[in-house]
Amino acid sequence: MLSFEILSQDQRARTGLLVTPHGAIETPSFVAVGTQATVKALSVADLHKVGSQVIIANTYHLHLQPGEELIEKMGGLHRFMGWDAPLITDSGGFQIFSHGAGKEHGVGKIAPIFPEEQDRARHLSSRKQKPLVKVNEDGVEFISYLDGSRHQFTPEGVIAMERKLGADIILVLDECTSPLHDYDYTKTAMERTHRWAVRALEEFLHHSDNKQALFGIVQGGAFQDLRKESATFTAEKAFDGYAIGGSLGGSTEEMHQVLEWTIPLLPQDRPRHLLGIGEIENIFEVVKRGIDLFDCAAPTRMARTGTMFVRDADRFRIHILNAQFRDDPRPVDQACDCYVCSNYSRAYLRHLFAAKELAAFRLASIHNIHFLESLMRRIRTAIKEERLSHLESNWFSPK
């Protein structure tokens, strides 16, 4: 079972201890994304060394390959991937969205989630594709992107899949919407998500041997009345925690508004998970508003392209393949004590990427995840000492 205790607060920001059957998570915490039972390019030993506390895997991808039955036969997801710490499984709602409305609108994890922050026409019109998903009241029918086979997800069926996977925290099936969906469709999808949530919760509570915790998901797009309605509806249900998902608007400013509308309506004594957000520019903002967990694939995805986190750089990142680093003897970040910065130069890392050596992916990913985990430790300490605003201003002072 799951327990959650708030340990300290600095205005709305809070530290807590989220206890699961596989260990405790100090919050607020970054959740490493291990979509297919692995955080790309990293071993479990790497993750332990950089201080990762919790991983989120994806039911949609694991259902397609290798299948939840095989994972259950192998002893469950923890044993299958060799991870003995807390695990979360997402229901796959975002992936269903990305292969459905995401293809229609050209919005997803690779296309910009906040389309107003980039040239919308340049990114979206070129990415529109035929959707592979049909959504109805019963659930979702979709075509596998791997082999073209047909599958169906229902709220009850996803709970059964996640029970077989055996993660500590599982999420209900939801229907994500796009920043380009209108009000009427967003409302329809939200109401369908609510009905699915009730069905999922009933299925979950039907089993008396539950060692897992079930999180509900707040939807409603970037519409104030819908977000408040969804937060109120979800908060009234007996979930162990609450996730905030779906479209967070067309910009980071709209995302902040969504959180302002949503978080005050959620129970104060339950954990809150913001789905799919984790770039450094956003971390302080979401923590200040009371978010306890957040996940994002961007740190490792950027690492595999040679984008590495640096404290004193524009947007906290450099692209190691830039010519200026060809003969740079310094570590990636001179203030970082990770394995990579303690042993390798920018010049060497640039060489690995230029030579297309696979070690480049691992070393860059180690650095980026360590960088985030180190930041989260600083944030937790600052909240305990009631100086989060001071830490934030220090990080965002002119470089």
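The values are calculated or read from the model by the stated rules, or taken from the named source; none is laboratory data. Remember, predicted model here, so these are calculated numbers, not experimental data. Here the Cβ positions follow ideal geometry from the backbone for every residue, glycine too, while neighbour counts run over all protein chains shown.
Would you check which residues across segment 51-73 are more than 18 Å from Gly157 (Cβ to Cβ) and either among the charged types (D, E, K, R) or crowded, with 21+ Cβ neighbours inside 10 Å (or both) and list them?
Those that are more than 18 Å from Gly157 (Cβ to Cβ) and either among the charged types (D, E, K, R) or crowded, with 21+ Cβ neighbours inside 10 Å (or both): Ser52, Gln53, Val54, Ile55, Ile56, Lys73.
Among Phe309, Phe284, which is the only one that is in contact (Cβ under 8 Å) with a residue 40 or more places away in the chain and in contact with a Pro (Cβ under 8 Å, 6 or more places away or on another chain)?
Checking each option against the conditions leaves just Phe309.
Look through segment 239-254, keep the residues that are touching a strand residue (DSSP E or B) at 6+ places or on another chain (Cβ under 9 Å) and not charged (D, E, K, R), and return whichever of them is farthest from Asp90 (Cα to Cα).
The extreme case among them is Leu248.
Looking at segment 299-316, which of its residues are surrounded by fewer than 18 Cβ atoms within 10 Å (Cβ to Cβ) and either at pLDDT below 95 or more than 20 Å from the chain's Cα centre (by Cα) (or both)?
Passing the criteria: Arg311, Asp312, Ala313, Asp314, Arg315.
Can you confirm whether Leu363 is modelled with pLDDT of 95 or more and either touching a Lys or Arg at 6+ places or on another chain (Cβ under 7 Å) or assigned by TED's automatic domain parsing to the domain that holds Thr38 (or both)?
No, not satisfied.
Is there a residue being at pLDDT 95 or above, buried (at least 18 other Cβ atoms within 10 Å of the Cβ) and either in the same structural domain as Trp196 (by TED's automatic domain parsing) or more than 19 Å from the chain's Cα centre (by Cα) (or both) anywhere in segment 90-111?
yes
Here's the yes/no breakdown for (1) surrounded by fewer than 16 Cβ atoms within 10 Å (Cβ to Cβ); (2) modelled with pLDDT of 95 or more; (3) over 18 Å from Pro299 (Cα atoms):
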site: Asp328; (1), (2), (3): no, yes, yes
site: Tyr339; (1), (2), (3): yes, yes, no
site: Tyr344; (1), (2), (3): no, yes, yes
site: His351; (1), (2), (3): no, yes, yes
site: Ala359; (1), (2), (3): yes, yes, no
site: His367; (1), (2), (3): no, yes, no
site: Ser374; (1), (2), (3): no, yes, no
site: Glu385; (1), (2), (3): yes, yes, yes
site: Ser397; (1), (2), (3): yes, no, yes
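Search segment 38-50 for residues being in a loop (DSSP other than H, G, I, E, B) and in contact (Cβ under 8 Å) with a residue 60 or more places away in the chain, and hand back the single one that is surrounded by the fewest Cβ atoms within 10 Å (Cβ to Cβ).
If we take residues in segment 38-50 being in a loop (DSSP other than H, G, I, E, B) and in contact (Cβ under 8 Å) with a residue 60 or more places away in the chain, then Lys40 is surrounded by the fewest Cβ atoms within 10 Å (Cβ to Cβ).
Are any of the residues in segment 177-192 free of Cβ contacts under 8 Å to residues at least 60 places away in the same chain, among the polar types (S, T, N, Q) and assigned to a helix (DSSP H, G or I)?
Within segment 177-192, one or more residues are free of Cβ contacts under 8 Å to residues at least 60 places away in the same chain, among the polar types (S, T, N, Q) and assigned to a helix (DSSP H, G or I).
Would you be able to say whether some residue in segment 259-280 is farther than 24 Å from Tyr183 by Cα, assigned by TED's automatic domain parsing to the domain that holds Ser52, in contact with a helix residue (DSSP H, G or I) (Cβ under 8 Å, 6 or more places away or on another chain) and touching a residue at least 40 places away in the same chain (Cβ under 8 Å)?
Among the residues of segment 259-280, at least one is farther than 24 Å from Tyr183 by Cα, assigned by TED's automatic domain parsing to the domain that holds Ser52, in contact with a helix residue (DSSP H, G or I) (Cβ under 8 Å, 6 or more places away or on another chain) and touching a residue at least 40 places away in the same chain (Cβ under 8 Å), which makes the answer yes.
Could you please find all residues in segment 201-234 being of a type in the set (Gly, Ala, Ser), under 26 Å from His22 (Cα atoms), without any contact (Cβ under 8 Å) to a residue 60 or more places away in the chain and touching a strand residue (DSSP E or B) at 6+ places or on another chain (Cβ under 8 Å)?
Gly216
Kindly indicate whether any position in segment 19-37 is assigned to a loop (DSSP other than H, G, I, E, B), hydrophobic (A, V, I, L, M, F, W, C) and either within 19 Å of Phe361 (Cα to Cα) or not assigned by TED's automatic domain parsing to the domain that holds Leu391 (or both).
Yes - at least one qualifying residue is present in segment 19-37.
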